[in-house]
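J.: Before we start, here is the structure in question, set down as structure tokens.
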Amino acid sequence: MERFIAIDDVCAWPNLTQMADGSIVATIFNQPCHGRWEGDVECWNSADGGQCWQRIGIPADHEPGTNRMNVAAGLAHDGDLIVIASGWSHKAPRGEEPPAGTSTVLAPWVCRSSDGGRSWERTEEVALPEGIPPLIPFGDIVCSPDGSLGVSFYSWHEKGSNTAYLLRSRDDGRSWGEAVVIGADDYNETDLLCIDEKRWLAAARTLRDGHLDLFCSDDSGSTWARRGTLTLPGQHPAHLLQLADGSILLVYGIRNRGLYGVGARLSGDGGESWGAPILLVDTEDATDGGYPSSVQLADGSLVTAYYCNQVPAHRRYHMGVVRWESI
């Protein structure tokens, strides 16, 4: 196992996408704070399996007094990289206190790159279905065998009801609709995995105590059923990845008193059962961190990125990377 300080001085909340050439793109928030300041969504690329990273493009640069920090990302069927980016109003320049007023959710932008994340075209606002409140994107954009794309959004009410949705695109990521409820009333950040034409999984974070629940669909995402609990309270959010051998890797943040880091579990039967959790990364004296995302390299090894506000040997926010072998 190898660990790296991959991108320094960022809060990141990384989303990893493996490109056709084998390189990895990390889509991140570029400020070293938990969303307090103005900031942008950036893309960074690693051509050496996660050891070294270079900034290559900015899919969503913020407007004054706002930030762009909430993302979903993935590849379209034609190979284009898509980033859906939302954010918040009432944000201050770096290092300053936020202005007075209530921060509100910004309408998401759909950002598209045909050159691996270097240059971008953008649809300023996404037309969400009627009757759906402002939604925040999260997790992987996934390709379905029927030619559509899927992504999760969630409604945000800090002290009220939160609902996780699947939205679908029938034009390879240019427009989104057909909202379907995955989990209602207590679910926000949710990651999707399309196993095959029929079976989809979703790992959803609860608001009240921050554990993960597993939802399954056996009709290509049209309907969803809760199948059980994946983690303890304070262990969220999730990333799901199907490995080359068909097994499914779950990684998630751990934010329990006395233990901060990244956990992992493995399923060999399509999500029906899960192995015992392991501590993949111990971030020791961190007080903010997690949000892992993984890809598998051609040699079978895994790259998992996460963020952290500090470790004993590095006292700044950063995106960390661990390279490791499967459980």
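The values are calculated or read from the model by the stated rules, or taken from the named source; none is laboratory data. Everything numeric in this text was worked out from a predicted model, so none of it was measured. A quick note on method: Cβ atoms are made from the backbone with ideal geometry, for glycine too, and the neighbour counts reach across all protein chains shown. These accessible areas exclude ligands, DNA and RNA; they are computed on the full protein's heavy atoms, side chains included. Shrake-Rupley method; radii C 1.70, N 1.55, O 1.52, S 1.80 Å.
J.: Highest mean first, how do 260-273, 192-205 rank when packing is the count of other Cβ atoms within 10 Å averaged over residues?
T.: Per-residue mean Cβ counts within 10 Å order the peptides as 192-205, 260-273.
J.: Expressed in nm to one decimal, what extension gain is obtained for the pair ALA225 and LEU297 from 0.36 nm per residue of sequence separation less their Cα-Cα distance?
T.: Between ALA225 and LEU297, full extension yields an extra 22.7 nm.
J.: Also, quick follow-up: Could you look at the chain and say what percent of its accessible area is carbon and sulfur, using a 1.4 Å probe and all protein chains?
T.: 48 percent
J.: Based only on Cα atoms, what mean projected area does the convex hull of region 170-231 have, in nm²?
T.: 4.6 nm²
J.: In addition: For HIS236, HIS314, HIS77, give the ranking by accessible area with the largest first, probe 1.4 Å. List each step's numbers first, then the result.
T.: Working: HIS236 15, HIS314 35, HIS77 90 Å².
I get HIS77, HIS314, HIS236, largest accessible area first.
J.: In addition: Determine the relative contact order of the chain: mean sequence separation of Cα pairs under 8 Å and six or more apart, normalised by residue count, in whole percent.
T.: 15 percent
J.: Let me ask another. For region 260-327, report the accessible area per residue in Å² (1.4 Å probe, heavy atoms, rounded to an integer).
T.: With all protein chains present, region 260-327 gives 37 Å² per residue.
J.: Sticking with this one: Counting only C-alpha contacts under 8 Å and six or more residues apart, can you give the relative contact order of region 78-146 as a whole percent?
T.: Relative contact order here is 32 percent.
J.: Just to check, using Stokes-Einstein with a Kirkwood Rh over alpha carbon pairs, what's the diffusion coefficient of the chain at 25 °C and 0.890 mPa s in µm²/s? Numbers along the way, then the final one.
T.: Numbers: Rh = 19.4 Å.
Approximately 126 µm²/s, per Stokes-Einstein.
J.: Give the accessible area for MET69 in Å² (nearest 10); use a 1.4 Å probe, count only protein heavy atoms, and leave out ligands, DNA and RNA.
T.: The accessible area comes out at roughly 30 Å².
J.: Under a 1.4 Å probe, what is the accessible area of region 105-250 per residue, stated in Å²?
T.: Accessible surface, normalised per residue, equals 40 Å².
J.: Among PRO292, PRO93, PRO14, determine the one that fluctuates most according to a GNM of the chain built with springs between C-alpha atoms less than 10 Å apart.
T.: Between PRO292, PRO93, PRO14, it is PRO93 that shows the largest mean-square fluctuation.
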